[in-house]
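Everything on this sheet refers to the single structure shown next.
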Amino acid sequence: MAYQALYRQWRPATFSDMVGQELVVTALRNQVQQGRIAHAYLFTGSRGTGKTSAAKILARAVNCQHPVNGDPCGECESCRRMQGDASFDVLEYDAASNSRVEDMRQILETTQYPPQYGKYKVYIIDEVHMLSDNAFNALLKTLEEPPEHMIFVLATTEPQKVLATILSRCQRYDFGRIPAQKIAGRLRQAVEMEHREATDGALMNIAVAAEGGMRDALSILDMCLGYGEKVDEALVRRVLGTSGREFLFRFSEALIEEDAAAVFSLIDQLMREGREPAVFAREMARHLRAMLMAHYCPGELAELLELTPEDAQSYIGQASGVSDTRLMSMIDLMMSVEPKLRLSSSPRVALETAALHACLRTGEEDTTALRERIETLEKQLAGLREELHSGALTVSPGAARPEKKERAPEVQTPKAAPAPMPKDLQQVWKGAMEIVKRKNPGLFGMLSSGSLMEAADDCFVWGVKDESFFFSLDHVNRPEHREQIEEALSETAGRPCHFTVQLPETQKKATATEADTLRGLRETFGADRVMVQEE
C-alpha cells in the first residue's frame, strides 16, 4: 500500500478528534444534537487550523443515521460512503481553480437534485474569497432562497474579501491558531504511532515553527522522520533551516553591545551553516519581541510565549540591558528586511546592513541613540533622587566643594610658537585620513560615508548629506574617535587642529535636550560629582 502523509493519516474523523477548537466544536455538536442545522456556514482562520476537516465532519454528522453526542458514528451506510469518498451527498470545490461565474452556475445547477442517502446535500467551497464578483452574486441568489435539503459550508483564510451580503447569510465560526503545547501533544501521538523517538524539545520547536497550524506541524514532522529513527532539536533546526536559541541570544547580545565585529562573525557562521537569511531575520524579530515583552510582563512571560521558566529568565536577564525604545527599533529593522531578503540578489549583504543599523543604534533621522542616552540619564537621575530621599545616599556640604590647596608658584617657561597652518587644507585632510585608515579602518569606513564640509584655519567640520548614512554621525562623534581624528590632523598639519561633526537639525535638538538633563544633574549634585561616560 502506498505511504500516506502524516497530515492525512491524522485528519480528524469526528469532532472529538479535533484539537484546539473547543468553542467551535461545542457549537456544531449542539446544532447536530438539537437538529438546528443552518443552511450556510462560514469557517474562517489561518491555514491548517481544521476548517475543511470540521466541514467534512459536519457533513457526515448531519447525514449520520445514528449520531453519538453530535459525532458521526462511522458505522452506518452514509458514514461509510462518505469516509470512502463514494457519496454524492458531499461535494467539495476549490474556489481558487473554479472562480468564474460559469463554474459557480455549473455547481449550483446540481442543487435541484435531492440527496441520495442522507438528509442533506452538503457543498464545501474552500478558499471562497477567490470567487469573482459575478460568481459571488450567483451564489448569493441561491443563499437567499436555499432548498431545505441543502447546506453550504464556505471556508476561507481571508473573510474580509467575502461580500458583506454573503457574510450576513452565514453562521460564522472563527478557527483560532492551535496552542503549541496542544500541537506538540498530537505530534507525540503521531511519533508513538510510527514507533519512532522524538525529544520534547524537538516537538515543541516543530509546534512553534508551525505557527498554530496542525497540518504544517505534521508535515514538518513527516520530513524529520524521513532522516532517521530519532528526532532531536538539531535535526529540526537542520530541516527548518533555523538557528538555535543560544545563537539568537549571542547575536542579540552583540547588537546590544554594539559589537559590529561579532555581528559580522556570527552572520558569517550563519551563512557557512547554510541557514536562510530571511528565516533568521524572522527568528530574530521573534527573539527581540520576547525581550520586549519581558520588559512589560516578566511574570507572565513563560505562559504567554509557552517557555520554560529557565528560558523566560534568560529573556528577562538579557532584556534588562537594553531599552524598550531600542528593542522596538531593532524589531522594525528585522521585520522590514525579511521580505527584502527573499527577493535580494545579495541577501547576505542586506542582512549585514540591517544588522549593522541595529548594532549602531540607527533609526528614523538617527535620533534613537540620543533619545536612549537621555532616557538612561533620566533613569539614573530618578534613582539618585530616590536614594537621597530614602537616606541611602547623603551629600555633605563640605565634601561637595573640596578645599583648594595652596600651590607653589610655577616657573613659567616660554612656549614655542606653533607652526603656521598649511594653505592647502584639503591635503591636510587627505593626509589625516590616510593615518586614520592605517590605525582604525572601521572609523575610516564611517568617515568615508561623509565628506569634509568646512575647513578654516585649524578647524575641520565633517558631515553627511545623504540621510541614509546618518547612522555614521554618532559613531564618528564619540569622544575617543574625535580625539583620534584630531591627532591625525595635528600630525599632518604640524600644529594642533580641531575636529567637529556637523549634526542635522533633529540631532541638534536632541543634543540640546541632553544638555538640559546634564545641567539638572550638575545643579542637583554639583558639577564636580557628575561625570558623563560614553557607552
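The values are calculated or read from the model by the stated rules, or taken from the named source; none is laboratory data. Bear in mind the structure is a predicted one, so any value in this text is a computation, not a measurement. When we count neighbours, we look across all protein chains shown, and the Cβ atoms used for this are built from the backbone with ideal geometry, even at glycine.
Observations on the model:
- The residue pairs whose first member lies in region 112-127 and is within 16 Å of Tyr93 (Cβ to Cβ), whose second member is in a helix (DSSP H, G or I) and of a type in the set (A, V, I, L, M, F, W, C), and whose beta carbons are closer than 6 Å, counting only pairs six or more residues apart or on different chains, are Val122/Ala59; Ile124/Ala55.
- The single condition among (1) farther than 22 Å from Ser329 by Cβ; (2) at pLDDT below 90; (3) part of a helix (DSSP H, G or I) that Asp268 does not satisfy is (2).
- Entirely in region 423-526, the helices (runs of 4 or more DSSP H) that have 3 or more residues that are modelled with pLDDT under 75: 505-525
- Filtered by the rule that a residue be under 16 Å from the mean Cα position of the chain (by Cα) and under 15 Å from Glu246 (Cα atoms), region 286-318 gives Arg286, His287, Leu288, Ala290, Met291, Tyr315.
- Any hit, region 24-45, residues being polar (S, T, N, Q), touching a Ser or Thr at 6+ places or on another chain (Cβ under 9 Å) and at pLDDT below 90: no
- The condition (being more than 21 Å from the chain's Cα centre (by Cα), within 20 Å of Leu356 (Cα to Cα) and not aromatic (Phe, Trp, Tyr)) is satisfied by just one residue among Asp268, Asp232: Asp268.
- Scan of region 147-161 for residues that are surrounded by fewer than 15 Cβ atoms within 10 Å (Cβ to Cβ) and over 12 Å from Val122 (Cα atoms), ordered by number: Glu158, Gln160, Lys161
- Selection count where residues are of a type in the set (A, V, I, L, M), surrounded by 15 or more Cβ atoms within 10 Å (Cβ to Cβ) and either touching a Ser or Thr at 6+ places or on another chain (Cβ under 9 Å) or farther than 21 Å from Gly274 by Cβ (or both), scope region 241-261: 4
- Whichever residue in region 124-169 is of a type in the set (D, E, K, R) and more than 32 Å from the chain's Cα centre (by Cα) and, among such residues, is nearest to Ala40 (Cα to Cα): Arg169
- Flag if Arg169 is touching a helix residue (DSSP H, G or I) at 6+ places or on another chain (Cβ under 9 Å), among the basic types (Lys, Arg) and outside the structural domain of Met104 (by TED's automatic domain parsing): no
- Looking only at region 182-207, and only at residues there that are more than 16 Å from Val19 (Cβ to Cβ) and not acidic (Asp, Glu), the one that is surrounded by the most Cβ atoms within 10 Å (Cβ to Cβ): Asn205
The rows are residues; the columns are (1) of a type in the set (D, E, K, R); (2) surrounded by 13 or more Cβ atoms within 10 Å (Cβ to Cβ).
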position	(1), (2)
Arg60	yes, yes
Gly70	no, yes
Asp85	yes, no
Tyr93	no, yes
Asp103	yes, yes
Tyr113	no, no
Lys119	yes, yes
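- Residues of region 331-377 that are of a type in the set (Asp, Glu) and either modelled with pLDDT of 85 or more or touching a Gly at 6+ places or on another chain (Cβ under 9 Å) (or both): Asp332, Glu338, Glu352.
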